[in-house]
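Participant: Submitted below is the structure of interest, expressed as structure tokens.
Computed from the coordinates by the stated procedures, all read-outs in this text should not be read as laboratory data. Everything numeric in this text was worked out from a predicted model, so none of it was measured. Cβ sites come from the backbone with ideal geometry, for glycine too, and all protein chains shown count toward neighbours.
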Amino acid sequence: MNNSFQISSENWHLFLLDLSQNNQVYVPVNTFEYIDYKLYSNTVNSITYHVARPVTPLKTFFLPPKENVVIEKYNHNKKIIIGVPACDLKALEILDEIYLDHDYVDPTYKENRENTILIGTDCYTISENCHCTSYQIDPYPVNNADATVISVNGDMIVMVHSEKAEDLLHKVASTYPVQEPGIEIIRYIQEKREQVKRILNEKNHQLPDFRTTGDLIRKSADDIWIKYAKTCVSCSACATSCPTCTCFLLIDRPDFEKIRQVDTCQFPGFEKIAAGEDPLKKKFVRFRNRYLCKYVWKPETFNSMACTGCGRCIDGCIGNINKNKIFIELNKSN
């Protein structure tokens, strides 16, 4: 089978319906003006392709907010997640570095990763706070996707990137009529990709790149963090919606239950230790700590970036804190 093929939208969705009989097929759906993943069934008729990123970060499929990590799981159906944006695919690199470290492999995370097929899609529109290209991330799947699906004029263009996806999508070619995409369609996809990159670059031209941002944060004084932390309520919407934040608590329960639960440095008491000492007691210190972690400490430890420019932390902040404004202000005052 060729690395890419063209199939009618109707047949593609019939294929997804077939897949959903024995797999958990997640698709991006527009509900109440928000895009989020939903299990595919014959009642789903509004799959939304190419619209920025779902509210739920991809990491939730591999690191649920709360999970028993010692019980045996009996559901071995594959997850097939469709419409994954490039920012979330890029975020998997640091999650894999942390949880698949050869000396400390997390078996639950590994099982979740191996049992999932990721089908990415291009972003043709952007959300207000998207800034992936500021960190040299393209707004279309490049790494970590098993396949890419693109909607063009009523047809679906499917590009296969991995053996795992090839085995699955071979069923499409053997069941439904497909053809090789024409030169005009390939050219259209390339031009659309370049167009979106230009829009993002122009929109975020004042935003410093990832490395520069880390230097600015490292050298910054307290005053700017005190200023922006005033409206922070330590709700942790930023960290829980972030595709790269990884902190968790391990809670022991009777009968050798161990519950892994999301934790975050934005919560009061996150670093509280014996005798009540707490290095992050002051809110502005906690506030700054998150950015030090993402732009300074994690880059010192890992090869992958700890921010992929998805903008969810800005969208979800009830204190209306925009991290990009902080970094632009730091850059101008430098």
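Participant: With +1 assigned to the C-beta of every Lys and Arg and -1 to the C-beta of every Asp and Glu, and no other charges, what is the dipole magnitude of the chain about the Cα centre in debye, to the nearest 20?
Facilitator: For the chain, the charge dipole is close to 1320 debye.
Participant: Okay, next question. Going by Cα centres, the stretch 167-185 and the stretch 8-74 are how many Å apart?
Facilitator: Each part's Cα centre sits 22 Å from the other's.
Participant: In whole angstrom, how far apart do the alpha carbon centroids of the stretch 275-291 and the stretch 120-136 sit?
Facilitator: 31
Participant: Using a simple spin-label model with points 7 Å from Cα along the Cα→Cβ vector, what separation in nm is obtained for ASN3 and PHE32?
Facilitator: Once both label points are built, they end up 4.2 nm from each other.
Participant: May I pose another question? Calculate for the chain the 222 nm mean residue ellipticity that helices alone would give, adding -39,500 (n - 2.57) per DSSP H run of length 4 or more and normalising by residue count, nearest 500 deg cm²/dmol. Don't skip to the end; give the middle numbers.
Facilitator: Working: 12 runs with 120 residues, N = 334.
After summing the helix terms and dividing by the residues of the chain, the value is -10500 deg cm²/dmol.
Participant: Where Lys and Arg each count +1 and Asp and Glu each count -1, what net charge lies around ASN23 among other residues with Cβ under 11 Å from its Cβ? Provide the component values of the computation, followed by the final result.
Facilitator: Working: positive: LYS78, LYS79; negative: ASP18.
Overall, the nearby charge balance is +1.
Participant: From the phi angles alone, apply the Karplus equation (6.51, -1.76, 1.60; θ = phi - 60°) to the stretch 275-285 and give each ³J(HN,Hα) in whole Hz, x where the residue is Gly or Pro.
Facilitator: Computed from phi, the couplings for the stretch 275-285 are 6, x, 5, 8, x, 10, 5, 6, 4, 5, 5 Hz.
Participant: Another question, if that's okay. Given R₀ = 51 Å, what would the calculated FRET efficiency be for VAL105 paired with ILE183, taking r from the Cβ atoms and rounding to 0.05? Mind dumping the intermediate values first?
Facilitator: Details: r = 45 Å, r/R0 = 0.87.
Efficiency, rounded to the nearest 0.05: 0.70.
Participant: For a protection proxy built on the mean count of beta-carbon atoms within 10 angstrom, sort 211-221, 135-145, 78-88, 18-28 highest first, please. Working shown, then result.
Facilitator: Working: 211-221: 16.5, 135-145: 20.1, 78-88: 23.4, 18-28: 18.4.
Output ranking for 211-221, 135-145, 78-88, 18-28: 78-88, 135-145, 18-28, 211-221.
Participant: Under 22 Å from the Cα of LYS230, which lysines turn up, not counting those fewer than eight places away in the same chain?
Facilitator: By straight Cα distance, LYS230 reaches LYS219, LYS272, LYS281, LYS282, LYS283, LYS294, LYS323, LYS325, LYS332.
Participant: Once amide H atoms are placed 1.01 Å from N in the peptide plane, what residues at a sequence separation of 5 or more from ILE35, or on another chain, have their amide H within under 5 Å of its amide H?
Facilitator: VAL55
Participant: Taking amide H positions as placed in the peptide plane 1.01 Å from N, state which residues far from PHE248 in sequence (5 or more) or on other chains have amide H under 5 Å from it.
Facilitator: ASP263
Participant: Next question, about the same structure. Rounded, prolate or oblate: which fits the chain, taking a ≥ b ≥ c as square roots of the Cα gyration tensor eigenvalues, rounded meaning a/c under 1.5, else prolate when a/b beats b/c? Each step should come with its number before you reach the end.
Facilitator: Numbers: a/c = 2.23, a/b = 1.40, b/c = 1.59.
It is oblate, given that a/c is not under 1.5 and a/b is not larger than b/c.
Participant: Among the trypsin sites (Lys or Arg not before Pro) in the stretch 239-334, which ones are in a DSSP loop with at most 16 other Cβ atoms within 10 Å of the Cβ? Mind listing them? Please list the in-between numbers first.
Facilitator: Working: sites: LYS258, ARG260, LYS272, LYS281, LYS282, LYS283, ARG286, ARG288, ARG290, LYS294, ARG312, LYS323, LYS325, LYS332; in loops: LYS272, LYS281, LYS282.
Passing sites in the stretch 239-334 are LYS272, LYS281, LYS282.
Participant: What are the GluC sites (Glu not before Pro) within the stretch 240-334 that DSSP puts in a loop, where the Cβ has at most 15 other Cβ atoms within 10 Å? Could the numbers behind the result be given before it?
Facilitator: Details: sites: GLU257, GLU271, GLU277, GLU300, GLU329; in loops: GLU271, GLU277.
When the GluC sites (Glu not before Pro) of the stretch 240-334 are filtered for loop state and at most 15 Cβ neighbours within 10 Å, GLU271, GLU277 remain.
Participant: Now, a different point. Would you please classify the overall shape of the stretch 4-203 from the alpha carbon gyration tensor, given that a ≥ b ≥ c denote the square roots of the eigenvalues, rounded means a/c under 1.5, and beyond that prolate means a/b larger than b/c while oblate covers the rest? Before the final figure, lay out each step's value.
Facilitator: Values: a/c = 1.62, a/b = 1.18, b/c = 1.37.
Since a/c reaches 1.5 but b/c is at least a/b, the shape of the stretch 4-203 is classed as oblate.
Participant: Can you give me the angle between helix 183-203 and the longest principal axis of the chain, using Cα atoms only, in degrees from 0 to 90, rounded to the nearest 10?
Facilitator: Long axis of 183-203 versus the principal axis of the chain: about 20 degrees.
Participant: Turning to a different aspect of this structure: Can you pull out the chymotrypsin sites (Phe, Trp or Tyr not before Pro) in the stretch 204-259 whose DSSP state is coil and whose Cβ has at most 14 other Cβ atoms within 10 Å?
Facilitator: On the way: sites: PHE210, TRP225, TYR228, PHE248, PHE256; in loops: PHE256.
For chymotrypsin sites (Phe, Trp or Tyr not before Pro) across the stretch 204-259 that sit outside H, G, I, E and B with at most 14 neighbouring Cβ atoms in 10 Å, the list reads PHE256.
Participant: At a Förster radius of 22 Å, what calculated FRET efficiency corresponds to the Cβ-Cβ distance of GLN190 and THR125, to the nearest 0.05? All intermediate terms of the calculation are to be shown ahead of the outcome.
Facilitator: Working: r = 18 Å, r/R0 = 0.80.
E between GLN190 and THR125, to the nearest 0.05, is 0.80.
Participant: Which whole-Hz couplings ³J(HN,Hα) result when phi for each residue of the stretch 93-106 is put into the Karplus expression 6.51 cos²θ - 1.76 cosθ + 1.60, θ = phi - 60°, listed in order with x for Gly and Pro?
Facilitator: With coefficients 6.51, -1.76 and 1.60, one gets 5, 6, 4, 5, 4, 7, 8, 10, 3, 4, 8, 9, 5, 8 Hz.
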